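First comes the structure, then the notes that go with it.
Laboratory data are not the source of any read-out in this text; all were calculated from the coordinates shown. As the structure is a prediction and not an experimental result, all values here were calculated from the model. All Cβ positions, glycine included, derive from the backbone under ideal geometry; neighbour counts span all protein chains shown.
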Amino acid sequence: MGRKTLSQFLFEHLDNNPDKEDLSYIINDMAIAIKAIKSIITKGQLGSHLGLADNTNVQGEEQKQMDIICDDIFIDHTQWRGLVAGMVSEEQDEMYHIPKQYKKGKYLLCFDPLDGSSNIDINMTVGSLFSVLKYKGDSETPTEADFFQKGSEQLAAGFSVYGPANSILLTCGNGTFGFVLDEEDGEFILTEENIQVPKETNEFGINSSNQRFWDDATKEYITDCLAGKEGPRGKDFNMRWVAAMVTDAYRILTRGGVYLYPKDKKVPIKEGRLRLLYEGNPIAMIMENAGGACTTGTQRMLDVQPTSIHQRIPLIFGSKKEIEKIEEYYKKHS
């Protein structure tokens, strides 16, 4: 494969893409932001960024100091170039408007600046997610409704993992690719081409503490998995759960598996626990471009019509044949 930087990869991979130059700049800006975040995270307790920020976001979740720091980093590294018209972030109650001093572009960004931030204080793996959409409006300033595009309309999506290595998993709609940061020269280097998720698996990931709140389809599926060789599935399963979705996604891209965060009755008014625009959609695009699948249980994730910028959804993704099996359980209990 040879040594190929992210910039070189984008130059070649996007050769016939009409948005080639702009997407290359946007993705490279995101990569620079990811490097900056990794640098801060690596300091751990030597820095002054751990702990709560004495604030809650629009989700009603307590913000960590690092949530706010990472949000600022993503915004600062992408708002100035004149390519982005507006942004949606998990940490911003409303759409983020590009300041007047910067030129407005023809793209929209959605991102979760720090996924799994509850892991920060205990030195466990966390990550970031992002999605790039085309701005289709006529006015210079978009509205929140301009972000209500199905996931199938994404131009690019990616996520980073801040672990022993700083990795980026990326798709521009033609395969899923992996990059690792070379700390010596500061470049993300292509390490995995056309990643393929194994179609079958005997691993699942789910937060078992919510079992009493699960829907009937999820309860029966997990019960059958736990029954092992003697049960209806006829094989033993292992459970893996990190509590940082991007880390679970990286594992699934590497060796297969399924991840389930179904709608539950713990907070009945919520349609799910994860967010469509900056969690469900980028993960779905990445998984499908790697031969995997992503669903709500009853609908392909990339076909869901957004209705709000922080819309919640059930999220189930991973090895394709196992996802199809899970959807059979949902049809049975529909």
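Points worth noting:
- Note on ASP93 and GLN196: with the Förster distance fixed at 41 Å, the Cβ-Cβ geometry gives a FRET efficiency of about 0.60.
- Nonlocal amide H pairs with VAL88, under 5 Å, H built at 1.01 Å: TYR96, LEU109, CYS110, PHE111
- Proximal lysines relative to LYS38, as straight alpha-carbon distance under 20 Å, when same-chain residues fewer than 8 apart are discounted: LYS64
- Only lysines eight or more places from LYS20 in sequence, or on another chain, were considered; those with a Cα closer than 23 Å are LYS4, LYS35, LYS103, LYS104, LYS106, LYS134, LYS136, LYS150.
- Using the empirical formula 2.2 N^0.38 Å as the baseline, the Cα radius of gyration of the chain reaches a ratio of 0.97.
- Dimensionless Rg/Rh of segment 6-192 - Kirkwood Rh, Rg from C-alpha atoms: 0.96
- Between THR307, THR254, THR223, the Gaussian network model of the chain with springs among Cα atoms under 10 angstrom shows the greatest mean-square fluctuation at THR223.
- Here the label points at LEU274 and LYS136, each 7 Å from Cα along the C-beta direction, are separated by 2.5 nm in the simple model.
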